[in-house]
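Read the structure below first, then the notes.
The values are calculated or read from the model by the stated rules, or taken from the named source; none is laboratory data. No experiment lies behind these values; they were computed from the predicted model shown. Cβ coordinates were reconstructed from backbone atoms using ideal geometry, including for glycine residues, and neighbour counts include every protein chain displayed. Side chains are part of the model used for accessible areas, which takes the heavy atoms of the whole protein and leaves out ligands, DNA and RNA. Shrake-Rupley method; radii C 1.70, N 1.55, O 1.52, S 1.80 Å.
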Amino acid sequence: MFNVLIRWSIPLAALFIFGPIAWHFTHALHTDDGGGQTSLLLNSSISQAMLAAIIALVLALAIGVVGARYIEQRSGLLAAGFVLTWAACGMGRADRIIAHAQSPSVLYSLAIENAVLAIPAILIAFLILRVPTRVPMFIAASDATRDLAAKSHHEPTAIRDYSAIPALIFAAIGAGNGAWLIAPDSLKGQTLAAVAVGGILAAAAGRLASQRINPVVFFLGLMLIGIAGPILATFIHPSTIGPARAAIAGTLFPLARPMPFDWLAGGFVGIPFGLWWAGSLLEKHDPGTERR
């Protein structure tokens, strides 16, 4: 009974307690003219934005660690993603920000913001994936069976591995394809869904490429696409007003539509599902293979 309560209370706390707190701080950000189309670097107060980001990231890490400890590591990532999704919903939309600024420099600011957020994203994912999952006593009676159950709850820890580069490349390709196909416009729900699908494909492709690599590599692949998207948009929409015209017309480059926090949140939501999916595919392919 206690384990069932824990399994439900952690994601619910992320959705209805920690997440709304994060949203409260990001939603409070505004531009110089009082508008709500903001990001961490594009608002009236960088210090307030940094505080909002720190609060959201700390809350995501806290609930993620608890989820990893008492459910499993992938569930911890997902719980962190719920908090970050709320935080992302409190910020603006890329097309409106670009249209308002009438300058391609906004795209470079968004790329820099993605690069800055990639560091805590990878660190949070790494810390959550280092938490040993507490296996309930009722799962097994013998130590050997309990050890096997514990391993099934843990992701691989290797980072320096010859398969890291192929896994990173496949993860980036999967992330780019998923985000490209599912982002027809810049509505917040669609950009979050697009990155979540990108995260699913990134994790699935990366895991199929390497069964030994730590999933933080998949987060890196996803965030690299997030950094590249706004930069590529400056070439696809050339001239000073090219990005603004595309934003107004609804033809903005798809990989430039998700906001930086969208990439962060979508990654933490999508990658766990991609890991579950890839795990089921690998088990069906070779049921006798022991997960490392």
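Compare Val216, Val131, Val116 in a GNM of the chain, Cα atoms joined below 10 Å, and give the one with the largest fluctuation.
Taking springs between Cα atoms under 10 Å, the residue moving most is Val116.
Given a 1.4 Å probe and every protein chain left where it sits, what share in percent of the accessible area of the range 24-129 is carbon and sulfur?
With neighbouring chains kept in place, the figure for the range 24-129 is 69 percent.
Choose one answer from Pro254, Pro238, Pro11: the residue with the largest mean-square fluctuation in a GNM of the chain with alpha-carbon springs under 10 Å.
For the chain, modelled as a Gaussian network with Cα springs under 10 Å, the answer is Pro238.
In Å², what does the accessible area per residue of the chain work out to with a 1.4 Å probe?
Per residue, the chain has an accessible area of 45 Å².
Using only the heavy atoms of the protein chains and a 1.4 Å probe, how would Phe25, Phe253, Phe82, Phe273 rank by accessible area, largest first?
The ranking, largest first, comes out as Phe273, Phe25, Phe82, Phe253.
Find how much the distance from Ala158 to Asn3 grows on full extension, using 0.36 nm per residue of separation minus their present alpha carbon separation; answer in nm with one decimal.
52.8 nm is the gain from fully extending Ala158 to Asn3.
Say we join alpha carbon atoms closer than 10 Å with springs in a Gaussian network model of the chain; which of Ala101, Ala247, Ala175 then has the biggest fluctuation?
Ala101
Between Gln211 and Val116, what is the spin-label point distance in nm, taking each point 7 Å from the Cα along the Cα→C-beta axis?
Simple spin-label model gives 4.2 nm for this pair.
Starting from the amide H of Ala158, placed 1.01 Å from N in the peptide plane, find each other amide H under 5 Å away whose residue is 5 or more places distant or on another chain.
Asn214
What ranking, highest mean first, results for peptides 86-99, 181-194 when packing means the other Cβ atoms within 10 Å averaged over each residue?
Descending packing order for the listed peptides: 86-99, 181-194.
Once you order the gyration tensor axes a ≥ b ≥ c over the Cα atoms, which shape class does the range 216-277 get: rounded for a/c under 1.5, otherwise prolate or oblate by comparing a/b with b/c?
prolate
Met50 versus Leu187, label points 7 Å from Cα toward the beta carbon: distance in nm?
3.7 nm
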